[in-house]
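J.: This is the structure I have questions about; it appears just below.
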Amino acid sequence: MPSNNTCLQQALQHRPIEILSEHTQAKTFNLVTMQPSSPGRHSINARLTPLPTRCVEVLKDTFRLKETGLEMGAYLALSHRWAPETESISTTTDNIALRLQETGDQWPEQLSATFLDILKLARQLAVQYVWIDSLCIIQNGDDGNDWRKEAVKMADYYQRALLTVFATSGSTEHGLFPPKASLPPKLARLPYHNSDGLREGFFYAYSYNQNVHHKYNSSVPNSELRTRGWVLQEWILSNRIVCFTPYGMFFECQTEMPSNERGEVVGRQWTQRPMENRTISALPPNSNYWYGIVQVNSSLSFTMPEKDRIVALSGIARELRESAGVESSKAHPRPQETLAYVSGLWLNDLLCGLLWERNTPEGISARLPGFPTWSWASVLCPIVWDTVSASKSRDRPATQILGITTANGKHFSISALCQAVDLASAGLMEFDADCRFARLQIKGKISTVLVRESFGANDSEVTIAANITGYWAKSFGHSWTKVCSRLRPNETCGWASLDVSEKKPKSASDSELEICALHISTISGVRGGLGLGYLTARHNVLNVLFIKPIEDQKYERIGVGRLFGKEIHKQYRAAVAQTIELV
């Protein structure tokens, strides 16, 4: 049997002999040796940081999988899209023992071109370790135990990496380094004269690449890799990033805009980032920053969304909480409910978080199992929040959150969370991969309204409905359904966006559908006018959840919407607040 050394040499013989030119290698070295920065709460010394649980160790003539223990060091991380062959070369309980040996099985020659390229890149940069998820996490044979432990650490792994290599153009044939799509720039050699006017050699000039923005945009933000759900967290938390594209290399860090190896900078308007920049600044968890992240995340793809959708954002959530300074401390104690992150939402801003809306023309056909209906994670489609109006309604809540109950039946009251020293001591492990929150205890007013036909293709009516309810988000308003009060069943008093494809009236001649509307919050002073048969200068608009009873005092969410008008306010004034469970 050939040695691991021989296998590695055979596997690498068809890879590029020189991955980096002298110039680009120097620029990459500058990137990995610059002053470390962190997107969060503290500075990270990426040259001497705790290593991941396992890494691929790059030795002089070979490599092996290594259990790192408490060792400190530096490593590269790879962000890549799983291909069909990835599964076949993943680490399992059957092969991990051999992979931990320096002269183990034949796995070097089985590795993909992308994996071999990053190992060679690490050797060129004199970095001893590389972290690749499919190789460093046990993927099969242990009922997912290792994945559950490692999944919540992955955000730290990318954040602490010396450099994250994003395989935006990675392929089975070409690995990390795709064929070049453009020729090197034409150079002009000009004579150089010193300050005394004496000629001293030459200098070289080339034209600035006016299309650098378009090349970056097409090969990085719009790459297939960026459609992968896990990549969003990896992108936001990585301190230093390099992408190899058909147009050359692009570099990014936490403090500078992207640039290529020629130093040409990509303009901010072309980066298509989910936020203004990737740095997580000191923002409270109830800021609209989080909703922007979730909106992007909801449109990305996951191989196993029922397992990955929440945990793929847990690292950002933890970093946002800690960087915002909301972690409880003796010097500055804070109410513990401000720290709780439940099913993808923040407990202290839950009344706003509940008002998500699907951003698709039609309702979904089914929900994801295991998630509560009130969470955006329960629907497999893009979602959106109207964050502009949310900011105006936060100070006028109409519903009170009393407590939460986990999927395994453990209950936490808001008062208990406020009195706890920290969430861990209260038993609330909100970032655990298996932690699902099944029920919310809520006290609020419920009234019955009538759902009528869809607004359909009548853009003018949709625009009027959006304006008269103070709606600012960009969503598929043409899928909204007209809502009427029971007192005036022929007069539109709001709109409903239903989550699941419910049986609803198709035309005004059809019989209406009665549904329950839970009043969540109020938007004050919305500009009115004459529209939908309702005349007002300014009025208050009610944010509501449409809910459906499933058993005694238990309801599930079926949609979201807004209501207005004297008859609606009259209905809710007459209603009595009741305590329900939202499941």
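The values are calculated or read from the model by the stated rules, or taken from the named source; none is laboratory data. Bear in mind that the values here come from a model prediction, so they are computed numbers and not experimental data. As a convention, Cβ positions derive from the backbone with ideal geometry for all residues, glycine included, and neighbour counts pool all protein chains shown. Ligands, DNA and RNA are excluded from the accessible area calculation, which covers all protein heavy atoms including side chains. Shrake-Rupley method; radii C 1.70, N 1.55, O 1.52, S 1.80 Å.
J.: Collect the residues in the range 224-259 that are open to solvent by 10 Å² or more (accessible area, probe 1.4 Å), outside any helix (DSSP H, G or I) and polar (S, T, N, Q), keeping them in residue-number order.
T.: Within the range 224-259, Q254, T255, S259 meet the criteria.
J.: Being out of contact with any Lys or Arg (no Cβ under 8 Å at 6 or more places or on another chain) and over 22 Å from T255 (Cβ atoms) is the filter; apply it to the range 269-289 and report the residue that is modelled with the highest pLDDT.
T.: Of everything passing the filter in the range 269-289, N288 is modelled with the highest pLDDT.
J.: Here is a follow-up. Quick test of your reading of the structure: E67 fulfils all but one of (1) within 25 Å of S171 (Cα to Cα); (2) in contact with a Leu (Cβ under 9 Å, 6 or more places away or on another chain); (3) modelled with pLDDT of 85 or more; (4) not β-branched (V, I, T). Name the failing condition by number.
T.: Only one criterion is unmet by E67, namely (1).
J.: Among (1) more than 23 Å from I310 (Cα to Cα); (2) in contact (Cβ under 8 Å) with a residue 60 or more places away in the chain; (3) surrounded by 19 or more Cβ atoms within 10 Å (Cβ to Cβ), where does Q124 come up short?
T.: (3)
J.: Right, another one. Looking only at residues in the range 470-521 that are farther than 30 Å from I401 by Cα and in contact with a helix residue (DSSP H, G or I) (Cβ under 7 Å, 6 or more places away or on another chain), which one is modelled with the highest pLDDT?
T.: R488
J.: Could you say which residue among F166, F115, F177 is open to solvent by 10 Å² or more (accessible area, probe 1.4 Å) and touching a helix residue (DSSP H, G or I) at 6+ places or on another chain (Cβ under 8 Å)?
T.: The conditions single out F177.
J.: Here's another thing I want to ask about it. Out of curiosity, is A97 free of Cβ contacts under 8 Å to residues at least 40 places away in the same chain and assigned to a loop (DSSP other than H, G, I, E, B)?
T.: No.
J.: Scanning for something out of contact with any helix residue (DSSP H, G or I) (no Cβ under 9 Å at 6 or more places or on another chain), without any contact (Cβ under 8 Å) to a residue 60 or more places away in the chain, among the charged types (D, E, K, R) and part of a helix (DSSP H, G or I), does the range 192-201 turn up at least one residue?
T.: No, the range 192-201 has no match at all.
J.: Further question on the same structure: Every residue in the range 552-583 that is basic (K, R) and open to solvent by 50 Å² or more (accessible area, probe 1.4 Å), please.
T.: The answer is K554, K566, K570, R573.
J.: Restricting to the range 371-395, count the residues that are in a loop (DSSP other than H, G, I, E, B) and over 30 Å from H539 (Cα atoms).
T.: 7
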